[in-house]
Structure formats: C-alpha cells, structure tokens
Amino acid sequence: MAAAAQATGFAVVDVETTGLFPGGHDRVVEIGIVALDPWMRSEAEWTTLVNPCRDIGPTRIHGITASQVVNAPIFADIVGDVSACLGDRIVVGHNIRFDLSFLDAEFGHAGYRVEWAPGLDTMWLASSITGARRLVECCECFGIDTGRSHSALSDARSTAALLACCFEKMKAHPPQLPLPLPRRALPPIPPSGRSLARGAAPAATRATLGTLLSRIPARVPVVGPKPEAVIAYADLLDRVLEDRRVTSDEVASLGQLADDWGIDGPAAMAIHRSYFSNLARTALADGVLTEFERDDLAIAAELLGVGDAMDDLRAAASVPAIAVTRVPELVGRTVCFTGDSTCSIGGVLLDHRRQQDLAAAAGLVPVGGVTRRLDILVLADASSMSGKAKKADEYGVRKMAERAFWIALGVSVD
C-alpha cells in the first residue's frame with residue numbers, strides 16, 4: 001500500500017441528487033460515507049437525507065420522497081460533519097467526478113470554497129479489469145451484493161467493497177494513489193451531529209382527524225345521520241384530504257359540520273372507514289399494491305384517524321364504501337402538474353404530456369405554470385418544495401395530491 005494510504009485511509013462517498021447538473025439548480029438529497037482504514041477495513045459509516053429546499057427530483061430512481069426530507073438537515077447544516085468524514089483521507093467514489101462536483105456545488109451554496117483533491121475512481125479501476133462501468137455491473141463481476149441500488153449508504157458500501165476487490169486484483173501492479181484531501185482545505189467548523197437516515201425518516205408533522213373523532217361525542221339515544229348528511233360530510237372530507245394534509249381550520253370545519261348535521265363520533269368513524277375503503281379498493285383493484293400506493297394509503301389512514309386499517313387492507317377494502325364524484329366540479333378548471341409522477345398506467349409511468357392529455361380528456365384545461373388564476377396544482381408528492389408548490393402557497397392556489405386527483409377524475413392508475 002502506498003505511503004499516503006498507510007497514513008490516512010479512505011473515505012468512500014456516494015450522493016443521491018435531484019438531477020444531473022450541479023452547476024444548475026440540482027441539489028444533493030442524500031449522502032453516504034464509509035470510512036476505511038489503510039487496509040480497507042471499515043472504520044465508520046455516516047449517512048443522512050438532505051433537504052434540497054426544492055422539488056425532490058426523480059423519486060422513481062432514488063426512492064426518496066419530499067415528505068422524507070422535510071425534517072432532514074439542509075446541506076449547510078452538515079458541512080462540518082461531511083468535512084470531518086472526508087478530511088485527511090483519500091476520497092473515493094464510483095464516477096468520483098460526479099460526487100465531487102455536487103459536493104463542490106453544495107459547499108459553494110453554503111458559502112465555502114474548497115480546493116478538492118482529485119479523488120480515486122472505482123469506475124476507472126474496475127473498468128480496466130472487467131470492462132464494465134456501472135456500479136452494479138462492476139460489482140456483479142466480483143460477486144459483490146449491491147443491496148439497494150441508488151441508496152447513498154448502500155452504494156458507498158458497494159463502492160468500498162469494489163475498491164478492495166480491485167486492489168486485490170491489481171496487487172502485483174497497484175495503481176498510483178492520489179493525495180488525501182487535507183482537513184485544512186475544508187471549512188474549520190465542528191460537526192453538527194445532525195443526520196436523518198433514510199430508514200429512520202419520520203413523516204412530516206401534520207394535523208390529523210384523530211383528535212376530531214375522539215372529541216365528537218356519541219349521541220344518546222343513538223340516531224343515525226340522514227343520508228344527505230353523510231354525503232355532505234364525505235364530500236368535505238374528500239376536499240380536506242385531496243392534498244394529503246390537514247390543517248387545524250379544516251379539523252374545525254369538519255367538527256362544525258358534524259355538529260350541524262347530527263353526526264356523532266361513531267358515525268364519523270364509520271364515514272372515515274368507508275372513505276378509506278374506497279381508497280383501498282381502488283389501490284387493490286389491479287391486484288398489485290405498489291410502494292407508492294401503500295405510502296399514500298398509510299398517509300390517508302393516519303390523517304383519517306384509522307391507522308389500524310393498514311393492518312389488513314383487504315378487510316378495510318371490504319367495508320361498504322362512500323365514493324364522492326368530483327368530475328363535474330373539476331370540469332373547466334385550469335390544472336398544472338409539478339414533480340415526476342409516481343403513477344403509471346399499464347406499468348408505464350405517466351410523463352408530463354400524458355398527465356395533461358388525461359386531464360384534458362376529463363374536461364380540465366392543462367397549463368404550464370402557476371399564476372394567481374390557476375385553479376388546481378397537482379402534486380406528485382404532497383410535501384413538494386418545488387417552485388410551483390411555493391408559488392401555489394403564495395397565491396392561495398388549491399393543491400391536490402396526484403393520486404387523489406386521478407381518483408377524483410375516475411382515472412385508474414397503478
């Protein structure tokens with residue numbers, strides 16, 4: 001092993017990003033670092049999701065949603081942590097230029113200029129041995145289990161294993177190692193200790209209707225609400241949940257309606273379960289429950305105060321459902337879409353053009369941007385931080401979660 005590695009060891013890094021262009025507006029959404037000693041034995045690991053303060057980019061690729069990063073640190077919060085992990089080590093990555101270009105951009109956004117050492121590229125090392133370039137293909141050549149692809153820590157672990165295999169294959173003629181990245185070249189600030197790992201990411205704090213259900217009393221003697229009262233309550237419930245968020249004002253409005261229409265606690269609970277039944281039945285209709293469908297159902301169940309319904313979705317779907325038809329209300333409205341769709345039809349993800357065509361076929365008017373005159377902004381992720389979502393908040397534009405939008409239109413999506 002070269003003297004530099006004997007003295008320092010390695011820092012294997014991987015970043016997940018909103019896109020491919022660090023010089024533009026793309027940002028880091030997750031970082032994983034594996035520290036190796038000079039003999040390439042693992043010493044420590046560190047990872048965190050990163051709030052990019054913009055839309056999250058291709059969730060279908062990196063698997064990260066906006067709701068997962070709402071409570072994550074922004075990159076400026078973790079500059080000291082990243083510096084502590086990389087300093088005085090040889091920085092390693094698979095296509096290291098990509099990772100370093102994003103790190104350079106993020107340090108720049110945080111107000112720091114770094115003179116980066118070149119780093120060591122496992123893509124170059126492995127391709128010289130196997131001819132492969134992609135991380136998963138290189139790892140397959142060496143029999144390395146890559147785990148979950150496009151997860152920063154998992155990919156950093158795979159890259160670390162690949163590095164060790166490459167050096168073992170090249171031990172007769174080891175490559176020249178680059179210089180380590182001096183700690184003094186990095187910002188002189190202490191680590192913050194902040195991190196939010198992907199698996200530990202909590203849902204964003206939100207109001208729910210559970211407190212509403214608990215405070216609506218049961219009436220004695222029990223008198224069931226009139227059918228028109230049930231429909232009125234379900235209709236307002238549908239409107240409240242269409243953006244997959246609940247405000248305290250919305251809770252108060254539902255409570256007032258329940259009181260005005262003689263809907264007691266048990267009746268409200270029954271309506272909530274019936275409403276959830278319709279969502280579950282729609283998701284299960286094609287016999288396949290996708291990860292995104294399950295996530296959406298879990299959010300809806302939490303907001304409705306019927307979290308136990310997730311324990312057995314087929315049983316939940318068998319409850320008599322109350323379906324609210326929204327198409328007449330939406331016809332003629334202008335609609336704009338933001339974020340990469342997580343919905344598909346026949347296994348094909350909906351691109352922006354297909355979304356617009358489906359909306360137009362239902363009688364809506366698709367537009368390309370958010371203005372004060374826009375009627376509806378459809379969010380691929382309810383926690384979207386895109387520029388369009390921020391404008392919609394500023395202008396008071398109505399927002400709908402994408403799955404809720406398609407359900408309202410009667411469009412069956414995967």
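The values are calculated or read from the model by the stated rules, or taken from the named source; none is laboratory data. Remember, predicted model here, so these are calculated numbers, not experimental data. Note: ideal-geometry Cβ built from the backbone for every residue, glycine included; neighbour counts use all protein chains shown.
General observations
- Tally of residues being among the aliphatic types (A, V, I, L, M), in contact with a Cys (Cβ under 8 Å, 6 or more places away or on another chain) and buried (at least 23 other Cβ atoms within 10 Å of the Cβ) across the stretch 153-165: 1
- Tally of residues being closer than 22 Å to residue 18 by Cβ and among the hydroxyl-bearing types (Ser, Thr, Tyr) across the stretch 100-135: 2
- One residue alone among 173, 150 is farther than 17 Å from residue 9 by Cβ, surrounded by 13 or more Cβ atoms within 10 Å (Cβ to Cβ) and in the same structural domain as residue 43 (by TED's automatic domain parsing), and that residue is 150.
- Filtered residues of the stretch 86-100 (kept if surrounded by fewer than 20 Cβ atoms within 10 Å (Cβ to Cβ) and over 23 Å from the mean Cα position of the chain (by Cα)): 87, 88, 95, 97
- Answer from 86, 36, 20 - the residue that is in contact with a Ser or Thr (Cβ under 9 Å, 6 or more places away or on another chain) and either more than 30 Å from residue 244 (Cα to Cα) or of a type outside the set (S, T, N, Q) (or both): 36
- Members of the stretch 121-135 found to be surrounded by fewer than 14 Cβ atoms within 10 Å (Cβ to Cβ) and within 28 Å of the chain's Cα centre (by Cα), listed by number: 133
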